[in-house]
Amino acid sequence: MKIHYCDALVIGGGLAGLRVAVQTQEKGLNTIVLSLVPVKRSHSAAAQGGMQSSLANTVMGEGDNEDVHFADTVKGSDWGCDQVVARMFVTTAPKATRQLAEWGVPWTRVRKGPREVVINAQRTTIVEKEEAHGLINARDFGGTKKWRTCYTADATGHTMLYGVANRAIRDEVEIHERKELLRLIVEEGRCYGGIVRDLISGEIEAYVAKATCIATGGWGRIYRTTTNAVICEGTGQAAVLETGLAALGNPEAVQFHPTPIVPSGILLTEGCRGDGGVLRDVDGHRFMPDYEPEKKDLASRDVVSRRMMEHIRKGKGVSSPFGEHLWLDISILGREHIEKNLRDVREIAMTFNGIDPADPGPKGWLPVRPAQHYSMGGIHTKPTGESPDIAGLFSCGEAACWDLHGFNRLGGNSVAETVVSGMIVGSYMADYCRREELRINTRLVRESMEREEAQMRSILARPERNGMSIFDIKRRMQVIMDEKVGIFRSGDTLQEAVDELQELLKISQKVSVRYKCPKANPELEQAYRVPRMLKIAISVAYGALLRTESRGAHYREDYTKRDDLHWLKRTLVRWRDPEATLPEVDYEALEIMKMEMPPAFRGYGRKGQIIENPLSAKRQEEVEAIRKRLEAEGKDRFEIQEALMPFELPEDYKAKNERLGVGYA
């Protein structure tokens, strides 16, 4: 038996996992990170546009602070987020951004004096203040009131990942690459680590720890068309689901990004539109102002994606061998800007489509169509990042439903969440490790390893059958998710998806593999991964079927209204019976009377599309009365906020943030 022992075990080597590891290691804990791939090749590197952080350095960000960022995030979530978590996040984000600069992230900086920008498709000149010269810059992004998205050209995730990875190396964090989590070691409601397969040797190993954090990213590859890397298959969340104890939160909340390039599906950053690019239809018409006259091309992502598909349905799409698409026009930004600030976008367009987006006019327009991009749902956690169901189990980043994003994520809040939640969750995880002792019977570890070894032998020993291969099953699952659990959803097609996915799950659990080697065997890997991916896909489709409302990225054509009276609650999915083909579903209410910002009109589309909860108006009256009384008493915004909705953070993170011109006010 090969057993590794540590204080803190982090599964996932992207930004979130590495940031947790740095936090626990610097707290004096022996930390091990497990990663499917070399950590600097994690999917975090694909993030392009930027990290939201209310620094307010640029003149277009003046007046920004935690309160404005909080309001944008809550509205963006369509009131589906945990507002305590949102407060924790917006308070910590400026500290995280500045810390990353200290660690070597080369943020694009403000340059004093006039500079030309494109706003609402018009060239205009803004003048940056002399005292802002050299401070971290920000660009505009969808769904925000201020320019808040800090960036390094269009390679933000890449530079952030290298900065955090280099910090982990400096701190001598132990990183084990090419390792895949198969199962968590859980006994009597406590997690003791995980059983892992070495992807090179095929050997089964155990990692035993006081606390375990799942930071394995999203599950985008359950869809056929996705911006996610091939490693984003949701197997970390599936391992948690298969404990039978812990829940997935809001699995039906899936984001579709407006501008992946056709046909490859590679993401073109929201920074294209943030910097002034626009969407055009088959006639070259800029159509978003027709639907959203205020935010136009920079409406929230769920809104833009729906409007694009609605416009295609109206016959305004561009025909191609790969289906209908629309155009993204960034040529109006000019060659100099594109080659400096959107150079990765240009390289992608030239490499995969032979288009230079800096070429003027239609020649430089890029074909785009919405595709799956992000999972707002994930492993259900408390604000501390710990599972409420299993002691010693933590999660953060896209793998988690920390519930910062609710039913729609703002662009730039994702890479921000990775490092911010890594800081916060890592701190609470370190506290847990210092508080708890590790007592585990080696018998439990041995039996867990033997069970996984037996599972591998069982898969290899299955007799060959005619019928679907594991690759056929995976492809069919992805097609079902694309066609029936996409941007527009309805009860009939969701029920069909659930039924078909259940049948695929049954077939996948009996499928044979032709190649019988226990190592370096992609078919074997798919044979144990795909049934787990199917459980995630079923959870997504079933959660969407049961939620009879439209909220954020979850849009039901048969229930078009947001229903705050019946559906202001978080979906919780558990797979208690390993033989079942459907999970158990429960719900957790979002308490309006504890919200700092009670539900209201989000600002998109027409009014009257909400089934109101009477508690919203009652809480709004309370909030206004508290605010009025405290303002009369001369209280500042921090004291007012604390009175409205107290929240906890490690002391260093809750400290006030300094901003240009206003200090710590």
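Below is a table of values for the structure above.
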| item | result |
| --- | --- |
| Of residues in the stretch 518-541 being free of Cβ contacts under 8 Å to residues at least 60 places away in the same chain and farther than 15 Å from residue 478 by Cα, the one surrounded by the most Cβ atoms within 10 Å (Cβ to Cβ) | 523 |
| Check on residue 348, farther than 23 Å from residue 307 by Cα, of a type outside the set (Asp, Glu) and outside the structural domain of residue 312 (by TED's automatic domain parsing) | no |
| Members of the stretch 1-52 found to be over 16 Å from the mean Cα position of the chain (by Cα) and in a loop (DSSP other than H, G, I, E, B), listed by number | 1, 2, 27, 28, 29, 30, 36, 37, 38 |
| Test: residue in the stretch 647-662 that is more than 30 Å from residue 549 (Cβ to Cβ), surrounded by fewer than 13 Cβ atoms within 10 Å (Cβ to Cβ) and more than 30 Å from the chain's Cα centre (by Cα) | yes |
| So residue 35, is it of a type in the set (S, T, N, Q), modelled with pLDDT of 95 or more and in contact with a strand residue (DSSP E or B) (Cβ under 6 Å, 6 or more places away or on another chain) | yes |
| Subset of the stretch 577-593 (residues that are assigned to a loop (DSSP other than H, G, I, E, B) and in contact with a Leu (Cβ under 8 Å, 6 or more places away or on another chain)) | 581, 583, 590 |
| Residue in the stretch 273-287 that is touching a residue at least 60 places away in the same chain (Cβ under 8 Å), aromatic (Phe, Trp, Tyr) and either in a loop (DSSP other than H, G, I, E, B) or within 24 Å of residue 72 (Cα to Cα) (or both) present | no |
| Sole exception among (1) touching a strand residue (DSSP E or B) at 6+ places or on another chain (Cβ under 8 Å); (2) farther than 15 Å from residue 394 by Cβ for residue 28, by number | (1) |
| Qualifying positions in the stretch 147-189 - assigned to a helix (DSSP H, G or I) and surrounded by fewer than 21 Cβ atoms within 10 Å (Cβ to Cβ) | 158, 159, 162, 166, 169, 170 |
| Residue 55 vs. criteria outside any helix (DSSP H, G or I) and either touching a Lys or Arg at 6+ places or on another chain (Cβ under 8 Å) or modelled with pLDDT under 95 (or both) | yes |
| Pair list, Cβ < 8 Å and 6+ apart or interchain, from the stretch 315-337 residues that are closer than 11 Å to residue 280 by Cα and among the basic types (Lys, Arg) to residues that are at pLDDT 95 or above and not in a loop (DSSP other than H, G, I, E, B) | 316/326 |
| Out of 242, 188, sole residue that is of a type outside the set (Ser, Thr, Tyr), without any contact (Cβ under 8 Å) to a residue 40 or more places away in the chain and not assigned by TED's automatic domain parsing to the domain that holds residue 15 | 188 |
| Odd one out for residue 472 among (1) within 25 Å of residue 208 (Cβ to Cβ); (2) free of Cβ contacts under 8 Å to residues at least 24 places away in the same chain | (1) |
| Of all residues making up the stretch 463-483, the number that are within 15 Å of residue 527 (Cα to Cα) and in a loop (DSSP other than H, G, I, E, B) | 6 |
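The values are calculated or read from the model by the stated rules, or taken from the named source; none is laboratory data. Not measured: the values here are computed from a predicted model. Here the Cβ is made from the backbone with ideal geometry for all residues, glycine too, and neighbour counts use every protein chain on show.
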